[in-house]
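The values are calculated or read from the model by the stated rules, or taken from the named source; none is laboratory data. In this text, all values refer to a predicted model and were calculated from it rather than measured experimentally. Because the Cβ atoms are built from the backbone with ideal geometry, glycine has one as well, and the counts that use them run over all protein chains shown. For accessibility, only protein heavy atoms count, side chains too; no ligands or nucleic acids. Shrake-Rupley method; radii C 1.70, N 1.55, O 1.52, S 1.80 Å.
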Amino acid sequence: MNTMPNNPNSTPQPAAEAALSRGEFIRSLGMSSAALMAFYCMGTLSSCKGSSDPAPVTPPATGGTTGLTGNSVASGGAINFTLDLTNSNYSDLKTAGNFKAVGDVLVFNSAGSYKALSRICTHQGGSLSYRGGANNDIQCDLHSATYTIDGTPKTAPIGGGTTTAVKAYAATLSGNTLTVKA
């Protein structure tokens, strides 16, 4: 209870309570109505999202002029892709002894025969490369473990450890199109 300070003979009267509207209350918190609406529409509540909103479109990871069509990454599902060997990105695969890392797959030409293996070493996850010529094998860049061109272990990693076979994929050539499938 408050009293009127200038009149000592007056009886105490309740002070007039200030009533705030909802908008004044929100503004007193420092939030403008635009900020509140943005917060509301960003997903806290769903009133700004209608059922007619289009689904997000994910562009294809490969295709077009890259020479690669399909999925070459194991986390994207089953490995299944084609390479256009007339495309400059992959035309050197026509030459025996050449290789390319395509996503998670090592594709190589071993004396005119196309092969495809997982490009990850089973020892400690290093990258594998094809060694043509007299070696005609696959080698890990971390500890030099080697594998046959079919993916079976050939030599152990330097410093010890074991390896298991790397996954082999089917590679088939039709004209200038190389298809690789799990």
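Cα centroid separation, region 138-172 to region 70-118: 17 Å.
Summing Cβ point charges (Lys, Arg +1; Asp, Glu -1) relative to the Cα centre of region 104-182 gives a dipole of roughly 100 debye.
Multiplying each eigenvalue of the alpha-carbon gyration tensor of region 140-180 by 5 and taking the square root yields semi-axes of 29, 10, 7 Å, largest first, rounded to whole angstroms. Per residue, the convex hull around the alpha carbon atoms of region 61-115 comes to 67 Å³. Surface composition of region 81-182: carbon and sulfur make up 47 percent of the accessible area, probe 1.4 Å.
Both the radius of gyration and Dmax for region 89-177 are 12.7, 44 Å, in that order, over alpha-carbon atoms. Stretching residue 177 away from residue 127 to a fully extended chain increases their span by 15.5 nm, per 0.36 nm per residue minus the current alpha-carbon distance. Taking the alpha-carbon distance from residue 167 and a cut-off under 18 Å, which lysines remain once sequence neighbours fewer than 8 residues away in the same chain are dropped? Filter leaves 100, 115, 154, 181.
Taking Cβ atoms as reference points and 10 Å as the exclusive limit, the residues near residue 99 contribute a net charge of +3, counting Lys and Arg as +1 and Asp and Glu as -1.
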